[in-house]
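K.L.:
Before I ask anything, let me first share the structure, which is written out below as structure tokens.
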Amino acid sequence: MKNLTSLIAAALLAAACSQPAHIFEIAADKPGAEIQSTMYGVFFEDINFGADGGLYADMVKNRSFEFPNAFMGWETFGNVELRTGGPFPRNPHYVHLGYSGHSDKFSGLENEGFFGMGLKEGAKYDFSVYARGTGSLRVAFVDDDTMEERQMFAEDTLFVSDPAWKKYTLAIESPLTIQDAHLRLTLIGDGSLDIEHVSLFPQDSWNGLRADLVKALEDLKPGVFRFPGGCIVEGAELSTRYQWKNSVGPVENRPLNENRWHYTFDYKLFPDYFQSYGLGFYEYFLLCEHLGAEPLPVISCGLACQFQNWDKPEAHVPVKDLGPYIQDALDLVEFANGAVTTKWGKVRADMGHPEPFGMKYLAVGNEQWDYLYPERLVPFVEALREAYPDLKIIGTSGPDSEGKQFEYLWPEMRRIGVDLVDEHFYRPESWFLAEGTRYDDYPREGPKVFAGEYACHGKGKKWNHFEASLLEAAFMTDIERNADIVHMATYAPLFAHVKGWQWRPDLIWFDNLETVRSCSYYVQQLYSLNKGTNVLSLTMDGKPVAGLEGQDGLFASAVCDSGTGEVIVKIANTSAEAQTVRLEFSGVSLGAGKLFSLHSDDPDADNSLEEPCKVVPVESAVKASGSSLDAKVPAQTFQVYRIPVK
Ligand code: AHR
């Protein structure tokens, strides 16, 4: 008898111990709000050498000799002169190479690339130059480091014999892998040559964009692609704002622009950071099409970067003079969508894309604030609505996730009647932990939300690390649960060169040869590849699982995928303890499925060029029993369960 009692007691204890700490109720038989195809997206800005020196694959810096110091990025030797009046009116400078006067001394110039030029053994590179005159031009790669005498390790020669400007090309193979080669052009013999627009692309590229970076974007399957910024849309001054019309047409004639990230907010200087516009609006639209992402251009609303010009009302264009800016917006829609018979539709067609790009969204202004913004936005909205009633217009709630400007701008955006409001939040850990129900109480009428720039900026740890990405994952459960109101979300910034960044954390890092995907990248990817089609209500004790009191640092959301017949549950355990949970799915029976887990024992860990796969999602099998699944969520872990409904 005594034995039986102790057996029963032991069994009860075992049952109590195996009882999960938390029970999640998931309404699997009641698909809710539709998840927009625009979830989840990317935001591209030319910051951190994201365009020139990054995604845009041309390796030659200052290829048209238009930097303020025309030989920035170049070293010259022998008889070399800068001249004006070349073949491209908006890039008038060119270079003349003459005989050095000594048979054993050459004339020429050498380009340093962007932190050098990355070459891969056996890979081929397309060199091109516009030239006129007579002479032999030796094209060579040199290794800056190896020799006192600069060592050439690959070379070929172009022969020019024409008084008229012509484009000359050759392909050159690299016999070795090197991060920081230079490109050396030498006039051989006693010729006389003019050269302009010197260019070098890897053959392994996608439409002139770096193949590995495009692949990283493809693997994200973004639903929307916001471009080209960011602050660069506004410019440090209006004259240096991004002007899309300068970014289309033949690349040789796209004028250079100063990059606003020329210097950072803390005045770190990057004196050689300019925009060649080689990656221009046409290329952005092509990339969006390739990725299957909705293009979302952002245009200047006539306000220069307000961070830099907060005390200078004269820095902005007066409302009465906004005409040309509004015309730029109207013309952009025509460029993207207009018939080939229209002025700007023809420009697009001449560039090789007669079919419209089907642009549906346009953001007017980036991170603007104060009354200065609404008074400028109104005439844009009026003109755009009249010309393009179906276009979805995006306004902004300013640079802060709450506070005075945010409180002022949201009602203004409702009054003006924009379709979506772009919210930005670069916030610390505590914010991400506290905002797990941010969108639950947003009004359901009026503009939808576009979480257009966000990232967890650790307090004292403003760089990529696992904990920050885990908190982003936790916060994103709220975005997902509120799919009826949050229609787009894009982490920021997207790219950063390890040798040229102005801002971090960033989603994807690269050097001249390799790419590395951060922990935050994998969070974005886990959401994007598992976004489902409809939200399912998921609660614990009738409440959203959003890190609330008594919820042990858990955050969760659920969706179903009507296409594949699966339920997908995302759980972030932000606590230092493992949590046992039971997922109870109403009205369905489930079978075997998959679990993707992102975890690191080290909250400071991140992927690096040396260790690119330190923190990556790990896939395993899970099996539900009928309509429930018992699971253990390890401490500091983001999990995605993907289970077919039987
Ligand atoms: O993403 C970096 C910058 O952050 C963007 O340019 C700007 O919109 C924001 O201030």
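K.L.:
Please determine, by comparing only the residues of segment 320-365 that are among the hydroxyl-bearing types (Ser, Thr, Tyr) and farther than 19 Å from Pro295 by Cα, which one is farthest from the ligand (Cβ to nearest atom).
P.N.:
Thr341
K.L.:
Need a quick list: strands (runs of 3 or more DSSP E) entirely within segment 532-641 having at least 1 residues that are at pLDDT 95 or above and within 30 Å of Asp511 (Cβ to Cβ).
P.N.:
Because the criterion is at least 1 residues that are at pLDDT 95 or above and within 30 Å of Asp511 (Cβ to Cβ), the strands (runs of 3 or more DSSP E) in segment 532-641 that meet it are 592-599, 618-623.
K.L.:
Could you grab me the full set of residues in segment 227-278 that are of a type outside the set (Lys, Arg), more than 16 Å from the ligand (Cβ to nearest atom) and part of a loop (DSSP other than H, G, I, E, B)?
P.N.:
Listed by number, the residues that qualify are Gln243, Val248, Gly249, Pro250, Pro255, Leu256, Pro271, Asp272, Ser276, Tyr277, Gly278.
K.L.:
Further question: When Leu409 is evaluated against the numbered criteria (1) more than 17 Å from Ala363 (Cβ to Cβ); (2) over 19 Å from the mean Cα position of the chain (by Cα); (3) modelled with pLDDT of 95 or more, which criterion, by number, is the only one it fails?
P.N.:
(1)
K.L.:
Can you tell me which residue in segment 483-507 is farthest from the ligand (Cβ to nearest atom), limited to those that are under 19 Å from Tyr439 (Cα atoms) and open to solvent by 10 Å² or more (accessible area, probe 1.4 Å)?
P.N.:
Residue satisfying both the conditions and the ranking: Asp484.
K.L.:
What number of residues in segment 162-210 are under 18 Å from Ala123 (Cβ atoms) and either open to solvent by 20 Å² or more (accessible area, probe 1.4 Å) or part of a strand (DSSP E or B) (or both)?
P.N.:
25
Condition check ((1) open to solvent by 20 Å² or more (accessible area, probe 1.4 Å); (2) closer than 20 Å to Thr396 by Cβ) across all residues:
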{"residue": "Leu256", "(1), (2)": "yes, no"}
{"residue": "Tyr263", "(1), (2)": "yes, no"}
{"residue": "Asp266", "(1), (2)": "yes, no"}
{"residue": "Gln275", "(1), (2)": "no, no"}
{"residue": "Leu296", "(1), (2)": "no, yes"}
{"residue": "Leu303", "(1), (2)": "no, yes"}
{"residue": "Pro313", "(1), (2)": "yes, yes"}
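K.L.:
Kindly provide the set of residues from segment 396-408 that are out of contact with any Phe, Trp or Tyr (no Cβ under 6 Å at 6 or more places or on another chain) and either more than 14 Å from the ligand (Cβ to nearest atom) or open to solvent by 10 Å² or more (accessible area, probe 1.4 Å) (or both), ordered by number.
P.N.:
Pro399, Glu402, Gly403, Lys404, Phe406, Glu407, Tyr408
K.L.:
For segment 196-209, check the following and say yes or no: at least one residue is within 16 Å of the ligand (Cβ to nearest atom) and closer than 20 Å to Gln275 by Cα.
P.N.:
Checked segment 196-209: no residue is within 16 Å of the ligand (Cβ to nearest atom) and closer than 20 Å to Gln275 by Cα.
K.L.:
Separate question: Out of all the residues in segment 509-520, which are surrounded by fewer than 24 Cβ atoms within 10 Å (Cβ to Cβ) and either in a strand (DSSP E or B) or in contact with a strand residue (DSSP E or B) (Cβ under 8 Å, 6 or more places away or on another chain) (or both)?
P.N.:
Once the filter is applied, which keeps residues that are surrounded by fewer than 24 Cβ atoms within 10 Å (Cβ to Cβ) and either in a strand (DSSP E or B) or in contact with a strand residue (DSSP E or B) (Cβ under 8 Å, 6 or more places away or on another chain) (or both), segment 509-520 yields Asp511, Asn512, Leu513, Thr515, Val516, Arg517.
K.L.:
May I ask you to list the residues in segment 340-355 that are of a type in the set (Gly, Ala, Ser) and surrounded by 13 or more Cβ atoms within 10 Å (Cβ to Cβ)?
P.N.:
Those that are of a type in the set (Gly, Ala, Ser) and surrounded by 13 or more Cβ atoms within 10 Å (Cβ to Cβ): Gly345, Ala349.
K.L.:
Using beta carbons and a limit of 9 Å, which pairs, at least six apart or on different chains, have the first residue in segment 23-50 and more than 30 Å from Phe114 (Cα to Cα) and the second one open to solvent by 10 Å² or more (accessible area, probe 1.4 Å) and of a type in the set (Phe, Trp, Tyr)?
P.N.:
Thr38/Tyr361
K.L.:
Right, another one. Need at least 3 residues that are touching a strand residue (DSSP E or B) at 6+ places or on another chain (Cβ under 7 Å) and surrounded by fewer than 23 Cβ atoms within 10 Å (Cβ to Cβ) per element, so show me which strands (runs of 3 or more DSSP E) inside segment 18-83 make the cut, counting only ones lying wholly within it.
P.N.:
22-26, 74-77
K.L.:
Being part of a loop (DSSP other than H, G, I, E, B) and touching a Leu at 6+ places or on another chain (Cβ under 7 Å): is that true of Val317 here?
P.N.:
Against the criterion (part of a loop (DSSP other than H, G, I, E, B) and touching a Leu at 6+ places or on another chain (Cβ under 7 Å)), Val317 qualifies.
K.L.:
Just for segment 445-461: of the residues that are among the charged types (D, E, K, R) and buried (at least 16 other Cβ atoms within 10 Å of the Cβ), which one is farthest from Ala556 (Cα to Cα)?
P.N.:
The residue in question is Lys461.
K.L.:
Here is a further query. Are any residues in segment 356-395 surrounded by 18 or more Cβ atoms within 10 Å (Cβ to Cβ) and among the hydroxyl-bearing types (Ser, Thr, Tyr), and if so, which ones?
P.N.:
Tyr361, Tyr373, Tyr388
K.L.:
Could you check segment 366-379 and list, in sequence order, the residues that are more than 16 Å from the ligand (Cβ to nearest atom) and under 26 Å from the mean Cα position of the chain (by Cα)?
P.N.:
The one that is more than 16 Å from the ligand (Cβ to nearest atom) and under 26 Å from the mean Cα position of the chain (by Cα): Leu377.
K.L.:
Does segment 430-444 hold any residues that are crowded, with 19+ Cβ neighbours inside 10 Å and in contact with a Gly (Cβ under 6 Å, 6 or more places away or on another chain), and which are they?
P.N.:
Of everything in segment 430-444, just one residue is crowded, with 19+ Cβ neighbours inside 10 Å and in contact with a Gly (Cβ under 6 Å, 6 or more places away or on another chain), namely Gly436.
K.L.:
For segment 295-345, which residues satisfy the criterion of being at pLDDT 95 or above, closer than 19 Å to Asp370 by Cβ and basic (Lys, Arg)?
P.N.:
Scanning segment 295-345 gives a single hit, Lys320.
The values are calculated or read from the model by the stated rules, or taken from the named source; none is laboratory data. This one's a predicted model, so the numbers in the text were calculated from it and none came from an experiment. Because the Cβ atoms are built from the backbone with ideal geometry, glycine has one as well, and the counts that use them run over all protein chains shown. Protein only, heavy atoms only, side chains kept; ligands, DNA and RNA dropped before computing areas. Shrake-Rupley method; radii C 1.70, N 1.55, O 1.52, S 1.80 Å.
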